[in-house]
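Student: Dumping the structure here so I can ask a few things about it.
The values are calculated or read from the model by the stated rules, or taken from the named source; none is laboratory data. Keep in mind the model is a prediction, meaning the values are calculated, not measured. Don't worry about glycine lacking a Cβ; one is built from the backbone with ideal geometry, like all the others, and counts go over all protein chains shown. Keep in mind that these areas ignore ligands, DNA and RNA; they rest on the heavy atoms of the full protein, side chains included. Shrake-Rupley method; radii C 1.70, N 1.55, O 1.52, S 1.80 Å.
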Amino acid sequence: VYRLNADEFEELVCDRLVAMGLQAFRTGRANQKDGGIDIFFWTPAPFRCLGVVQVKHRQSPDKPVGPDTVRDFVGVLAANKVNLGMIVTNGEFTDDAKWFAREKSSVQLRDANAIKAWVVYDFSGERWNTDVQTMEICPGMSINVPRFL
């Protein structure tokens, strides 16, 4: 995956999302102004969820994606009112980036290991991470609802 250029890597990520059964399209070429969104995707009917992906291409594994990228992407999600967000890299994420995504946001992170699995059609690790939260819908009536992590 390091031999791919940035456009080829974005195209690979988009193709793998489609292979998972999602509908997806790229916003344009890599390294062009896109507001922090490289790919839009949505789940199949009848319950559609809109998601976005930011793709971080690395020419070598020596430069991991840090927490600033995750924090900035959280702002992109809030500004665009989407349900799901994912950052995908052909490299790795720093421990701080993983912590921020896990503890302070709903951003999903996918690294080179995930991409390697995706290439061979292994999507077994792609269950959207959810947590259950209790929501009081009226006095005395509460329900448990999933919250995407």
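Student: Diagonalise the Cα gyration tensor of the chain and give the resulting equivalent ellipsoid semi-axes, square root of 5 times each eigenvalue, largest first, whole Å.
Tutor: Output for the chain: semi-axes of 27, 17, 15 Å.
Student: If you don't mind, there's one more thing I want to ask. Could you calculate the contour length gain from Q32 to C49, that is, 0.36 nm times the residue separation minus the distance between their Cα atoms, to one decimal place in nm?
Tutor: Full extension of this stretch gives 3.5 nm more.
Student: Sequence gap at least 6, Cα distance under 8 Å: using those rules, report the relative contact order of the stretch 1-109 to the nearest whole percent.
Tutor: Relative contact order here is 23 percent.
Student: Ignoring ligands, DNA and RNA, what percent of the 1.4 Å accessible area of the chain is carbon and sulfur?
Tutor: 51 percent
Student: Roughly how big is the chain's charge dipole about its Cα centre, with Cβ charges of +1 (Lys, Arg) and -1 (Asp, Glu), in debye to the nearest 20?
Tutor: That gives the chain a dipole magnitude of about 180 debye.
Student: Let me ask another. Using r as the Cβ-Cβ distance of M141 and R71, and R0 as 41 Å, what FRET efficiency do you calculate, to the nearest 0.05?
Tutor: 0.70
Student: Still on this model: Could you compute the net charge surrounding Q54? Neighbours are other residues with a C-beta less than 13 Å from the C-beta of Q54; K and R count +1, D and E count -1.
Tutor: -1
Student: Roughly what would the spin-label model give for Y121 and D15, points 7 Å off Cα along C-beta, in nm?
Tutor: Spacing of the two 7 Å Cα→Cβ label points: 1.4 nm.
Student: For K33, give me every one of the aspartates and glutamates with a C-alpha distance below 19 angstrom, ignoring sequence neighbours fewer than eight places off in its own chain.
Tutor: The reachable aspartates and glutamates, counting only those whose Cα sits under 19 Å from K33, are D7, E8, E10, E11, D68, D72.
Student: Given a 1.4 Å probe, how much area per residue of the chain is accessible, in Å²?
Tutor: In whole numbers, the chain has 59 Å² accessible per residue.
Student: Right, another one. Determine the gain in length on full extension of the stretch D62-D95; use 0.36 nm per residue of separation and subtract their C-alpha separation, reporting nm with one decimal.
Tutor: Taking 0.36 nm per residue and subtracting the Cα distance, the gain is 10.5 nm.
Student: Starting from the residue with the highest accessible area, list C138, C14, C49 in decreasing order, probe 1.4 Å.
Tutor: Result of the area sort, largest leading: C138, C49, C14.
Student: Report, in degrees rounded to the nearest 10, the 0 to 90 angle that the Cα long axis of helix 6-19 makes with the longest principal axis of the chain.
Tutor: Rounded to the nearest ten degrees, it is 40.
Student: Let me ask something else about it. Give the angle, between 0 and 90 degrees and rounded to the nearest 10, that separates the Cα long axis of helix 67-80 from the longest principal axis of the Cα atoms of the chain.
Tutor: 60 degrees
Student: Return the FRET efficiency for the residue pair K81, D7: r is the Cβ-Cβ distance, R0 is 35 Å, and the value is rounded to the nearest 0.05.
Tutor: Here the calculated transfer efficiency is 0.80.
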